[in-house]
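Working notes for the structure below.
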Amino acid sequence: MKRIVRRTVLAWPLALAMTAQLTGTAGAQNYPNDTITFVVGFSAGGFADSVARIMAEHVGSVLGATVIVENQAGAASNIAARAVASAEPDGYTVLVSTTSLAINATMFRNIDYNLMEDLIPVGIAVRAPETLSVYPGRAASLEKFMASEGTYSSAGVGSGSYFTWYSFFESVDGANVVHVPFQGGAPATQAAIGGQVDALAATASGNTVSNVTSGQLDCLAVAAPERYSKLPDCPTLEELGYPNHYGSSWVGFWVPAGTPDDIVETLNEAINSIAENANAAENLMRHGNLAGMNAADTLDFMQSEVDTWGERVIATDAQIE
């Protein structure tokens, strides 16, 4: 009798585990059968939002699902990240953000989520270098801008654009400029184009490139080891006498921790398949170079980014509450 009871007790958790496994597998195999929401951590019209909308159309087409974009701007994407981290881990709520998330992991002392524990990186869509551009006529060179007591806008404290140029100006003796943060790239850009600020720190996405090539802004420098192909006339910081100061931003995708591996792989493959869609790929490459990382490489890349930007944050004493 004891043997029967014992076998029953042992079989019960095993049955539960098998049921959970079968249920999870079935859910992943049926994915997606509902609307997928891309939650963008910045306002509409900026780098992350522009890429998210291109990817939403492509991913929706590949997966045969409706993909909508929802903007939750604020706190350098922390608001959106927190919302997605607490969402159901079923693949229907996907965070879309930028380098700011890797920076935030160190910059914010009291952040209430853990990037590497509460979220799973799914893939990286594009990467592009950071630039500094001025309102036409405000400064003829980077040196003159730094001596001008001017202002520069960015997508917000913690964004890749902000931190690339903040850490640069902090490293240059005599740089006399003031940062003006905005909640997203679009309002930051409008402030520069409208002359409310003197300069714009922004990723060399399609909007920034078009604003420079159309003459609405003058590019002073690009924070990359070599000139950016889409802005061939804009000098690098190294050319201007400031070597080894690079900065680039990317747009990536995350899902809540606990999301089944099959769903993560499905989303990753859908994101990367844009390289096979000529029209969509052309639109996406207006905002940078295609990344094309698998899920495992994306995880390694993200940890490396957290470490790299964390060193800059600590070195410049840029941590905030």
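Only the coordinates and a few stated rules stand behind these numbers; no lab work does. Note that this is a predicted model, so its numbers are computed, not measured. Here the Cβ is made from the backbone with ideal geometry for all residues, glycine too, and neighbour counts use every protein chain on show.
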TODO: Could you please state, rounded to a whole Å, how far the C-alpha centre of segment 59-86 is from the C-alpha centre of segment 172-227?
DONE: 26 Å
Task: Stretch gain in nm, segment Gln303-Ser229, where the contour uses 0.36 nm per residue and the Cα spacing is subtracted - done: 23.8 nm
TODO: May I ask for the net charge around Ala139, where only other residues with Cβ less than 10 Å from the Cβ of Ala139 are counted and Lys, Arg are +1 while Asp, Glu are -1?
DONE: -1
- [ ] Restricting to the chain, compute how many DSSP beta bridges are antiparallel as a %, nearest 5.
- [x] 60 percent
Open item on the list: For a Förster distance of 45 Å, can you work out the FRET efficiency between the beta-carbons of Gln319 and Gln196, rounded to the nearest 0.05?
Closed with: 0.95
Task: Per-pair calculated FRET efficiency, R0 = 30 Å: Arg109 and Val172 via Cβ, rounded to 0.05 - done: 0.70
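Net charge near Ser148: determine it from the other residues with C-beta under 9 Å of the C-beta of Ser148, scoring Lys and Arg +1 and Asp and Glu -1. Show your work: numbers first, answer last.
On the way: positive: Arg138, Lys144; negative: Glu149, Asp198.
That works out to 0.
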Task: Positive dipole terminus of the chain, leading residue within Ala48, His179, Ala80 (C-beta point charges) - done: Ala80
Task: Length gained when the stretch Asn277-Gln216 is fully extended (0.36 nm per residue, less Cα-Cα span) - done: 18.8 nm
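For segment 69-206, what class follows from the C-alpha gyration tensor (a ≥ b ≥ c being the square roots of its eigenvalues): rounded when a/c is under 1.5, otherwise prolate if a/b is larger than b/c, else oblate?
Working: a/c = 2.58, a/b = 2.04, b/c = 1.26.
Since a/c reaches 1.5 and a/b is larger than b/c, the shape of segment 69-206 is classed as prolate.
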- [ ] Using the 2.2 N^0.38 Å rule of thumb for compact globular proteins, work out how the chain stacks up: its C-alpha Rg over that value, please.
- [x] 1.12
Task: Residue-wise HN-Hα coupling along segment 161-170, computed from phi with Karplus coefficients 6.51, -1.76, 1.60 (Hz; x: Gly, Pro) - done: 5, 4, 6, 4, 7, 4, 5, 5, 4, 5
- [ ] Would you grab the residues whose amide H sits under 5 Å from the one on Asn71? Only those 5+ places off in sequence or on another chain, please, with H modelled 1.01 Å from N.
- [x] Val40
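Share of antiparallel DSSP beta bridges in segment 129-222, in percent to the nearest 5? Intermediate values should be presented prior to the final figure.
On the way: 9 of 15 bridges.
Antiparallel bridges make up about 60 percent of those DSSP assigns within segment 129-222.
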- [ ] Return the Cα extents of segment 129-222 along principal axes one, two and three, sorted largest first, each rounded to a whole Å.
- [x] 32, 28, 23
Task: Computed [θ] at 222 nm, helices only, for the chain once each DSSP H run of length n ≥ 4 contributes -39500 (n - 2.57) - done: -13500 deg cm²/dmol
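How much net charge surrounds Val209 when only the other residues with a Cβ under 12 Å from the Cβ of Val209 are counted, with Lys and Arg +1 and Asp and Glu -1? If you can, show how the numbers build up before the last one.
On the way: positive: Lys230, Arg286; negative: Asp233.
Around Val209, the charge tally is +1.
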- [ ] Give, in nm to one decimal, the length gained when the segment between Glu117 and Thr35 is fully stretched (0.36 nm per residue of separation minus the Cα-Cα distance).
- [x] 27.0 nm
Open item on the list: Can you compute the charge dipole magnitude of segment 129-222 about its Cα centre, using +1 on each Lys and Arg Cβ and -1 on each Asp and Glu Cβ, nothing else charged? Give it in debye, rounded to the nearest 20.
Closed with: 220 debye
